[in-house]
Amino acid sequence: MATSNDFHNGMVIRKDGKLFAITEFLHVKPGKGGAFVRSKLKEVKTGRVLEVTWRAGEKVEDVRLERRKTQFLYRSGDEFHFMKLDDYEQLFLSAEAIGKKKAEFLKDGLEVEMLFDGDTPVIVELPNFVELAVETTDPGVKGDTVSGGSKPATLETGAVVQVPLFIEEGQLLKIDTRKGTYVSRA
């Protein structure tokens, strides 16, 4: 157990059965009355933000998340299968548990990091950049590439991103997984 006096940015606590990361906090000592702590908490699974005020010294449950390397094996319907690289145990998660946007960039064999609360996977962290091949896109028309612009391209994982007009099918692209955007050709 920790107290509100122990808060620091990035600390993960359990509140009402859900995990929250502390993004901001401020210790306030008014001239009259007791001290308190204002905090902004970000729910780990959904990303929603709450503003909570705590009494100074109020007890909270501190959660230690363990970081483990895993490898994405394959997708089966709405389930994504992973393997822990330390003990080769396999586990599976739904697209909702991973995050729909992150799930679009999972390629077979990709190594990702997972944060575990005990034995329960909580967060899947993709590398900042992945290399994916273009499966389908409209052909560029000669002369259009000079003026700039973009067009949609479907990648090998099924994700659709906006790419420059000169990109063709079969090319390998570097994609930023945080924003879901094209960076460059690989």
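The values are calculated or read from the model by the stated rules, or taken from the named source; none is laboratory data. Remember, it's a predicted structure, so these values are computed and weren't measured experimentally. All Cβ positions, glycine included, derive from the backbone under ideal geometry; neighbour counts span all protein chains shown.
Summary table
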{"read-out": "Any hit, segment 56-65, residues being in contact with a Lys or Arg (Cβ under 6 Å, 6 or more places away or on another chain) and surrounded by 13 or more Cβ atoms within 10 Å (Cβ to Cβ)", "value": "yes"}
{"read-out": "Leading residue by the ranking (farthest from F116 (Cα to Cα)) among those in segment 38-56 that are in contact with a Gly (Cβ under 9 Å, 6 or more places away or on another chain) and of a type outside the set (D, E, K, R)", "value": "A56"}
{"read-out": "Filtered residue count, segment 7-45, keeping only those that are outside any strand (DSSP E or B) and more than 17 Å from L65 (Cα to Cα)", "value": "8"}
{"read-out": "Within segment 78-113, considering residues that are among the small types (G, A, S) and farther than 19 Å from V160 by Cα, the one surrounded by the fewest Cβ atoms within 10 Å (Cβ to Cβ)", "value": "G109"}
{"read-out": "Check on E51, over 20 Å from V124 (Cα atoms) and either under 17 Å from the mean Cα position of the chain (by Cα) or surrounded by fewer than 13 Cβ atoms within 10 Å (Cβ to Cβ) (or both)", "value": "yes"}
{"read-out": "Segment 3-38 - residue that is over 25 Å from I123 (Cβ atoms) and of a type in the set (G, A, S) and, of those, surrounded by the most Cβ atoms within 10 Å (Cβ to Cβ)", "value": "A35"}
{"read-out": "Residue satisfying condition, being assigned to a strand (DSSP E or B), modelled with pLDDT of 85 or more, assigned by TED's automatic domain parsing to the domain that holds T120 and under 30 Å from E111 (Cα atoms), within set Y74, Y88", "value": "Y74"}
